[in-house]
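**Q** Submitted below is the structure of interest, expressed as structure tokens.
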Amino acid sequence: MKRIVLFVLGLVLLTACGGKANNVKDGSMPKDTIPEEKPLVLGTLVNRDNCFIVISKPELYLSVYENQEGDTVLLARYPVCVGKNYGPKTKSGDMKTPECTFENPFTITQIQPASNWVHDFGDGRGSILAYGNWFMRLKTGFNGIGIHGSTNNESSVPGRGSEGCIRLRDADLDELKNQYAFVGMKVVILKDEQ
């Protein structure tokens with residue numbers, strides 16, 4: 001029942017973003033609650049400027065859609081790791097991923113090279129490479145939230161373990177950046193079910 005509700009909610013949200021819900025191509029939801037290990041690539045990109053991202057915290061997916069001649073087409077879907085704690089982000093350090101709606105989406109404000117960025121997770125490993133090749137900074141109202149890779153922690157994807165960012169496998173991040181992402185791209189992060 002939860003998946004049906006999420007599917008219907010997704011169609012409503014896609015409609016609000018300019019697509020026609022009755023024309024959504026491959027609007028199917030994942031078969032399992034844990035995402036597949038491999039990224040899913042479906043539609044063919046026509047115009048990158050018409051793409052947007054939907055991140056489902058409950059389903060642990062980042063999906064790329066494109067508005068194509070009145071249809072909303074699913075182009076690709078990647079498993080993700082989101083904030084360790086459930087619920088919307090309310091303050092720095094709460095280990096939650098921010099949430100938004102289609103009416104008030106976040107946007108990618110920068111795509112920065114991050115292959116030499118390090119982070120100390122406080123787990124005894126010290127400062128280690130942690131972000132993959134790119135950091136897609138999001139305008140969320142909180143500093144330091146973005147979409148990035150999972151260097152030195154690829155086993156965390158899919159899952160819940162980030163400090164609030166959206167973590168992809170490094171290869172998936174590279175594909176997302178090279179094929180779809182751009183500064184100004186709309187990003188919707190769907191709320192947790194709990």
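Every read-out reported here was derived from the displayed coordinates using simple, explicitly stated rules and does not represent laboratory data. No experiment lies behind these values; they were computed from the predicted model shown. Note that we place each Cβ from the backbone using ideal geometry, even for glycine, and neighbour counts take in every protein chain shown.
**Q** Given that compact globular proteins tend to follow 2.2 N^0.38 Å, what is the ratio of the alpha-carbon Rg of region 96-194 to that value?
**A** Values: Rg = 13.3 Å, N = 99, 2.2 N^0.38 = 12.6 Å.
Ratio of Rg to 2.2 N^0.38 Å for region 96-194: 1.05.
**Q** Another question about this same structure. Would you kindly give the portion of the calculated P(r) for region 34-137 that falls above 25 Å, as a percent of all Cα pairs?
**A** When every Cα pair of region 34-137 is considered, 31 percent fall beyond 25 Å.
**Q** Peptides 169-175, 114-120: what's the order by average Cβ count within 10 Å, highest mean first?
**A** 169-175, 114-120
**Q** Students often get this wrong, so check it: of Lys84/Lys186; Lys96/Lys139; Lys91/Lys139, which have C-alpha atoms separated by over 19 Å?
**A** Lys84/Lys186
**Q** Calculate the spin-label point distance for Phe121 paired with Ser155, positioning each point 7 Å from the Cα along the beta-carbon direction, and give it in nanometres.
**A** In this crude label model, Ser155 to Phe121 measures out at 1.0 nm.
**Q** Next question, about the same structure. For region 148-194 and region 46-121, what is the separation of their C-alpha centers, rounded to whole Å?
**A** Region 148-194 and region 46-121 have Cα centres separated by 6 Å.
**Q** Ok, one more. Which loop trypsin sites (Lys or Arg not before Pro) in region 116-150, with loop taken from DSSP, have no more than 12 other Cβ atoms within 10 angstrom of their Cβ?
**A** Hits after loop and neighbour filter: Arg125.
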